[in-house]
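One structure is given below, encoded as structure tokens.
The values are calculated or read from the model by the stated rules, or taken from the named source; none is laboratory data. Here the structure is a predicted model, which is why all the values come from computation and not from measurement. Cβ coordinates were reconstructed from backbone atoms using ideal geometry, including for glycine residues, and neighbour counts include every protein chain displayed.
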Amino acid sequence: MALTESYMLPLKTQAPPFSLSNVTSNRKESLNELKGKKGTLIVFMCNHCPYVIHLMDALISSAKELSIKGINTIAISSNSLLSHPQDGPTHMKKLAEEKNFPFPYLFDETQEVAHAYKAACTPDFYLFDADLNLYYRGRYDDSRPGNEQPLTGKDLHDATQAMLNQQDSPAMQYPSMGCNIKWLEGNSPEDRS
């Protein structure tokens, strides 16, 4: 496990469109179909990462709370099936059903969506406004496995409330940290540059 920080995509970036397979429904779903009326939270995550596991239940609670406010959550796994089969569709579906995810869990098999968003780690959070312009990117909060900080979601929730209040994006945005995305051979950002 390599500890990796978010790339921090520039604010106001328009959300790249996508159509990916939803592992629970087995059908392709697009960003336009899934976006929220007042905003959209896109989370790059996976099944096995301890940083994701650490905040999984809190993320589920946050997604429920955000949906009441008109913000939809979309989870995407982009990890290589070859190196990490536990992050593939069968196991994704099992986890989504066990945890009763209140959001779609999509599989980015080609990793093109991860590249489009410049996703670097799991979890990686992107909050877009109603027009799909990037408002916030970075961490959920400052809690990490083993650091004894409580899971509050403060960074994400403060940004969400500021967005709903039509305030400027928070000046201080800290990168998320977690496991690096498990790229297919020859497909990492370094390989492609």
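For first residues located in region 139-162 and closer than 16 Å to PHE128 by Cβ and part of a helix (DSSP H, G or I), partners that are among the acidic types (Asp, Glu) and at pLDDT below 95 and lie 6+ apart or on another chain with Cβ distances below 6 Å do not occur.
Applying a threshold of 8 Å to beta carbon distances and a minimum spacing of six or more residues, or different chains, the list of pairs starting in region 110-130 at a residue that is on the phi > 0 side of the Ramachandran plot and touching a residue at least 40 places away in the same chain (Cβ under 8 Å) and ending at one that is acidic (Asp, Glu) and not in a helix (DSSP H, G or I) is empty.
Apart from one condition, MET56 fits all of (1) modelled with pLDDT of 95 or more; (2) not in a helix (DSSP H, G or I); the exception is (2). Within region 73-89, the only residue that satisfies the criterion of being farther than 21 Å from MET8 by Cα and modelled with pLDDT of 95 or more is PRO89.
The residue that is surrounded by the fewest Cβ atoms within 10 Å (Cβ to Cβ), counting only those in region 163-193 that are touching a residue at least 60 places away in the same chain (Cβ under 8 Å), more than 17 Å from the chain's Cα centre (by Cα) and part of a loop (DSSP other than H, G, I, E, B), is GLU185. Just one of (1) surrounded by 19 or more Cβ atoms within 10 Å (Cβ to Cβ); (2) modelled with pLDDT under 95; (3) of a type outside the set (Ser, Thr, Tyr) fails for MET8. It is (1).
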